[in-house]
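J.: Here you go, one structure.
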Amino acid sequence: MTNLTPNAGPHDAAFDAPHVCAGCDNAEAAAHAAGAGSGPGKPTVNRWEPTSHHSSRNGQDIDHIVVHYTTSRNIEGTISHFKHGSPQTSAHYLIGRDGALVQMVGDGERAWHAGNALMNARSIGIEHVAAVGDRIAEQQARTSAALIGWLMREYEIPKSQVIPHICVPRNTDCCGDLFAGFGGGVKAGAEAQRKALHAWMSSMGL
Ligand SMILES: [Zn+2]
């Protein structure tokens, strides 16, 4: 979920800390980075829906993936919002309940998904179509795992830096209940959500 609430403030506001979760820049990160470089190619993008809601990364390397959910099952509504909504927000990728992969911003550009200019500059944002309370759907999970795995290899992103949106310092419960079956959930804190995301990734071979 990007920041759609009236009180959310500027979509790209700067914060000092990139995120609040423990685990970055540790041995796990080094181990995963060392294994980068081989594996399946980029999953097929089923639709390209470009939006003007993006800006330059200003030379910042991509080293994080931020996982979101849309809070709605209406994928067309989300696409429209990322093109025309206010405040202006976006994400690089949007994954339907049926596993369809939509790209809206090129990887080389900064999408406006995390409510944090520094994190947006260094991350890829992936939205999962899901209503409040929905867990990740089966086909959606397959596409998501294929995409995340490819992004990790392509940009040498360690697993510890694949994070739910709630781990960015921001008032959000995103990514909701997507990984409630793995110890996370909308009422879990940032660290529990991060562990649940990683447990789900492990179940998908990541
Ligand atoms: Zn979000």
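J.: Taking the solvent-accessible surface of protein heavy atoms with a 1.4 Å probe, what is the per residue accessible area of the stretch 11-203 in Å²?
T.: Counting only protein heavy atoms, the per-residue value for the stretch 11-203 is 40 Å².
J.: Take every Cα-Cα distance within the stretch 11-203, group them into 5 Å bins from 0 onward, and report for each bin the whole-number percent of pairs it holds.
T.: Binned Cα distances yield the sequence 1, 9, 17, 23, 23, 18, 8, 1, 0.
J.: Taking the Cβ of residue 128 as the centre, find all other residues whose Cβ is under 13 Å away and add up their charges (Lys, Arg: +1; Asp, Glu: -1).
T.: -1
J.: Using a 1.4 angstrom probe on the protein heavy atoms only, could you order 47, 194 from most to least accessible area?
T.: Working: 47 80, 194 20 Å².
The ranking, largest first, comes out as 47, 194.
J.: Please list 3J(HN,Hα) in residue order for the stretch 195-206, calculated via the Karplus relation 6.51 cos²θ - 1.76 cosθ + 1.60 where θ = phi - 60°; whole Hz, with x for glycine and proline.
T.: For the stretch 195-206, the Karplus curve yields 5, 5, 4, 5, 5, 4, 4, 4, 5, 9, x, 9 Hz.
J.: Charges only on Cβ, +1 for Lys and Arg, -1 for Asp and Glu: so what's the dipole of the stretch 11-203 about the Cα centre, in debye to the nearest 20? Let's see the in-between values first.
T.: Values: 16 positive and 19 negative charges, 53 e Å.
It comes to approximately 260 debye.
J.: Tell me which residues come under 5 Å, amide H to amide H, from residue 130 once H is placed; ignore anything under 5 positions away on its chain.
T.: Hits under the 5 Å cutoff: 70, 71, 72.
J.: Given the Cα-Cα distance of residue 83 and residue 42 and 0.36 nm per residue of separation, how much length would full extension add, in nm?
T.: Gain on extension, residue 83 to residue 42, equals 12.4 nm.
J.: Students often get this wrong: which residues of the stretch 146-182 have the backbone nitrogen under 17 Å from the point 7 angstrom along Cα-to-C-beta of residue 61?
T.: 151-162
J.: How large is the Kirkwood hydrodynamic radius of the stretch 161-206, in angstrom, based on all distinct alpha carbon pairs? Don't skip to the answer; put the middle values down first.
T.: Values: mean 1/r = 0.0986 Å⁻¹.
In the stretch 161-206 this quantity evaluates to 10.1 Å.
The values are calculated or read from the model by the stated rules, or taken from the named source; none is laboratory data. As the structure is a computational prediction, the values presented were derived from the model and not from experiment. Virtual Cβ from ideal backbone geometry, glycine too; neighbours counted across all protein chains shown. Please note that ligands, DNA and RNA were not included when accessible areas were found on the heavy atoms of the full protein model with its side chains. Shrake-Rupley method; radii C 1.70, N 1.55, O 1.52, S 1.80 Å.
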